[in-house]
Amino acid sequence: MPYLGPDMSTTRLSTMFYTVEVGDTKFTILKRYTNLKPIGSGAQGIVCAAFDTVTQQNVAIKKLSRPFQNVTHAKRAYREFKLMKLVNHKNIIGLLNAFTPQRCLDEFQDVYLVMELMDANLCQVIQMDLDHERMSYLLYQMLCGIKHLHSAGIIHRDLKPSNIVVKSDCTLKILDFGLARTAGTTFMMTPYVVTRYYRAPEVILGMGYKENVDIWSVGCIMGEMIRGGVLFPGTDHIDQWNKIIEQLGTPAQEFMQRLQPTVRNYVENRPRYPGYPFERLFPDVLFPSDSSEHNRLKASQARDLLSRMLVIDPERRISVDDALLHNYINVWYDEGEVNAPAPGPYDHSVDEREHTVDQWKELIYQEVMEYETSHNTASASQSPDTAGSR
């Protein structure tokens, strides 16, 4: 890459970017984005709402601050960026732009991802009294988004309300891409602070998994919409397992036989629980009244779907395809949404790759540069003389 003398590089920064303090974080962003307001912060960075003066729309800008501070952060940032570029479905958050204000690898510190702005996350929506129409439509969209990820070979494994966003028109998008294949989540791991309430038994117990691992999470979210509270609020994964079997009952012996010996030993030595019927776990009184709309959705259908999703043994749990055909969901069935064109195949070797922090840093930098070049991201604020100066 040709070296920009210090003068050109500083000029470019001053003509194209400006810096604003958001809380105690500095955002150095393209001038096309104005009116920044903080809307959230997570493990990976801070998110602001902003206005894009070029497209005349509200957007969300996520700052990945020093995404390569350690190998775990770097790998996650690289994976998220790669997948966002790849995936294109109405129920998965889209990437509108990506840039860095730093102009050479040595100075490289920050990545900014520009995404569609949504109104609320699902945590807020769960607190609302949803009727059957809205509840089944939200679940339908979740299933469409998951099916799309699966078609690229991406199994999420970590769907939760905080990472699902909704607009006031009831459209829904999944915000992240879950756990990388190599993310170790075994039963005997030391607990660390992360929401595990929605993780399937096979993830908690460190077993193998297949696509319907994500159905469990949808079941937990649906149950929470109905009950108004978390179904299995474990303090760690051992407590999590206990909460699951207390309500759903101890699984059959054939499930136990698929566990690793140490885990199996623990699980088999727990008190045995018969579990409760779904009519008792989710009585009629918790459901919205039956729909009078043309869809005629009712509590018994919702409960039936729940009872097929919240099944401990994945061999007996409903598949994504069958859930989409269930009579509580298929009222929304649209071929173009359910079977949207698959994303380009995702190279899973990324998940297995071991790099140093500096190597990850270079890979992320290359990805951002490549994105900027192919999308000419800053073009809206570039004058012809600076446009080709890189």
Listed by range, helices (runs of 4 or more DSSP H) wholly within segment 331-382 having at least 2 residues that are loosely packed, with under 12 Cβ neighbours inside 10 Å and at pLDDT below 75 are none
Of the residues in segment 81-136, those that are among the hydroxyl-bearing types (Ser, Thr, Tyr) and within 29 Å of TYR346 (Cβ to Cβ) number 2
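The rows are residues; the columns are (1) out of contact with any helix residue (DSSP H, G or I) (no Cβ under 9 Å at 6 or more places or on another chain); (2) at pLDDT 95 or above; (3) assigned to a loop (DSSP other than H, G, I, E, B); (4) farther than 27 Å from LEU143 by Cβ.
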residue: VAL267; (1), (2), (3), (4): no, no, no, yes
residue: ARG270; (1), (2), (3), (4): no, no, yes, yes
residue: TYR273; (1), (2), (3), (4): no, yes, yes, yes
residue: ARG280; (1), (2), (3), (4): yes, yes, no, no
residue: VAL285; (1), (2), (3), (4): yes, no, no, no
residue: HIS294; (1), (2), (3), (4): no, no, yes, no
residue: ASP304; (1), (2), (3), (4): no, yes, no, no
residue: ILE312; (1), (2), (3), (4): no, yes, yes, no
Working only within segment 21-69, note down all residues that are over 18 Å from LEU117 (Cβ atoms), in contact (Cβ under 8 Å) with a residue 60 or more places away in the chain and open to solvent by 60 Å² or more (accessible area, probe 1.4 Å). LYS31, GLN69
Which listed residue is touching a Gly at 6+ places or on another chain (Cβ under 7 Å) and in contact (Cβ under 8 Å) with a residue 40 or more places away in the chain, from MET115, MET142: MET115
Which condition from (1) out of contact with any strand residue (DSSP E or B) (no Cβ under 8 Å at 6 or more places or on another chain); (2) surrounded by fewer than 23 Cβ atoms within 10 Å (Cβ to Cβ) is the one that TYR140 breaks? (2)
Hey, can you tell me all the residues within segment 265-307 that are among the basic types (Lys, Arg) and open to solvent by 70 Å² or more (accessible area, probe 1.4 Å)? ARG272, ARG280, ARG296, LYS298
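The values are calculated or read from the model by the stated rules, or taken from the named source; none is laboratory data. A quick note: this is a predicted structure, and the numbers were derived from the prediction, not measured. Methodologically, a virtual Cβ is constructed for each residue, glycine included, from the backbone with ideal geometry; neighbour enumeration extends over all protein chains shown. Side chains included, ligands, DNA and RNA excluded: accessible areas come from the protein's heavy atoms. Shrake-Rupley method; radii C 1.70, N 1.55, O 1.52, S 1.80 Å.
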